[in-house]
Amino acid sequence: MIIINEALRPTIKEKPFSQNNIIAINSALKLENKCSWACHNVENYCRNHHVKILKNYLHISDPIYFGTIQLLLSTGKYKTANVAILVIFIPLLMYLLLIKSLSLQREIKKAKVSKMSGLFLLFMGNMVTQVYFYCTNFIINLANLLGLSYYEINFFIFCVIYPFLLFSLLLIFVVQRVRLVRKLQ
């Protein structure tokens, strides 16, 4: 995320979007040739102007994509929920599942059980908005870099890749746990 955002920052010529004294990397202008904050701020702008790959599958992607957005909006703190769930909690859960699964694989070989400690992160106040802006800029920059739309990148990352990784890692964890229990018996 940092590599893409900071590598593209000097190449962006349009005036950056800003809100509450936080300055984004990308513009909020409605651009025809690339994604901007307009793709984030204006409902359906990106979907109607930039979507390429998912154009024939919007009837499938829309309920998932907009359902996820509505779920985050329903918290009353969209930015905080977005950062907490999509940027911190789910990746942290996937990381912990991956680490635990690798640990269980070692335990299966050793047939011994080990313990693992957890890690908790806390973001407060303005920092959440800054992280949210930076992550949104990453999605916009990644979309422009790959020649896709903000909508498509968001859909692929948060509605396809995240759930796939989460369920895959959960399945691996369960399989490893069963293998360990069988080996210990």
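In nm, to one decimal, how far is the Phe66 label point from the Asn41 one, both placed 7 Å along Cα→Cβ?
Here the modelled spin labels are 2.2 nm apart.
Whose amide H sits under 5 Å from the amide H of Cys35, counting only residues 5 or more places off or on another chain, with H placed in the peptide plane?
Asn144
Whole number in Å², please: accessible area per residue of the range 143-182, 1.4 Å probe, ligands, DNA and RNA not counted. Could you put the intermediate results ahead of the total?
Numbers: 2200 Å² over 40 residues.
So the range 143-182 comes to 55 Å² accessible per residue, rounded to a whole number.
Computed FRET efficiency, Cβ-Cβ of Ser18 and Arg106, R0 45 Å: what is it to the nearest 0.05?
So, using R0 = 45 Å, E works out to roughly 0.40.
When the Karplus curve 6.51 cos²θ - 1.76 cosθ + 1.60 is applied with θ = phi - 60°, which whole-Hz ³J(HN,Hα) does each residue of the range 146-160 get, with x for Gly and Pro?
8, x, 10, 9, 4, 4, 5, 4, 4, 4, 4, 6, 8, 10, 10
Could you tell me which label, among [x] 19.7, 65; [y] 18.3, 60; [z] 19.0, 56, carries the value of Rg and Dmax of the Cα atoms in Å calculated for this structure?
Only one listed value fits the structure, namely [x].
What number comes out for the charge environment of Thr129, summing +1 per Lys or Arg and -1 per Asp or Glu over other residues with Cβ under 13 Å away?
+2
Quickly work out the Tyr57-to-Glu32 label distance, labels modelled 7 Å from Cα along the C-beta direction, and quote it in nm with one decimal.
2.8
Set Lys and Arg Cβ to +1 and Asp and Glu Cβ to -1, take the dipole of the chain about its Cα centre, and tell me which of Asn21, Ile88, Gln176 lies farthest positive.
Gln176
Quick one: what are the phi-derived ³J(HN,Hα) couplings along the range 58-69, Karplus 6.51/-1.76/1.60 with θ = phi - 60°, whole Hz, x for glycine and proline?
Taking θ as phi minus 60°, the curve returns 4, 5, 8, 6, 4, x, 6, 4, 6, x, 5, 4 Hz for the range 58-69.
In sequence order, what are the phi-derived ³J(HN,Hα) couplings for the range 174-185 according to the Karplus relation 6.51 cos²θ - 1.76 cosθ + 1.60 with θ = phi - 60°, rounded to whole Hz, with x for glycine and proline?
Couplings: 4, 4, 5, 5, 4, 4, 5, 4, 5, 5, 6, 7 Hz.
Hey, can you rank 169-177, 134-142 by average C-beta count inside 10 Å, highest first?
Numbers: 169-177: 15.7, 134-142: 21.8.
Packing order, densest peptide first, comes out as 134-142, 169-177.
Measure off, as a whole percent, the carbon and sulfur share of the 1.4 Å-probe accessible area of the chain, all protein chains present. Each step should come with its number before you reach the end.
Values: 7370 of 11360 Å².
Ligands and nucleic acids excluded, carbon and sulfur give 65 percent.
The values are calculated or read from the model by the stated rules, or taken from the named source; none is laboratory data. The model shown is predicted, which means the values in this text are computed figures rather than measured ones. Reconstructed Cβ throughout: ideal geometry from the backbone, glycine too, with neighbour counts over all protein chains shown. Ligands, DNA and RNA are stripped out before the accessible areas are found, and what is left, the full protein with its side chains, is counted by its heavy atoms. Shrake-Rupley method; radii C 1.70, N 1.55, O 1.52, S 1.80 Å.
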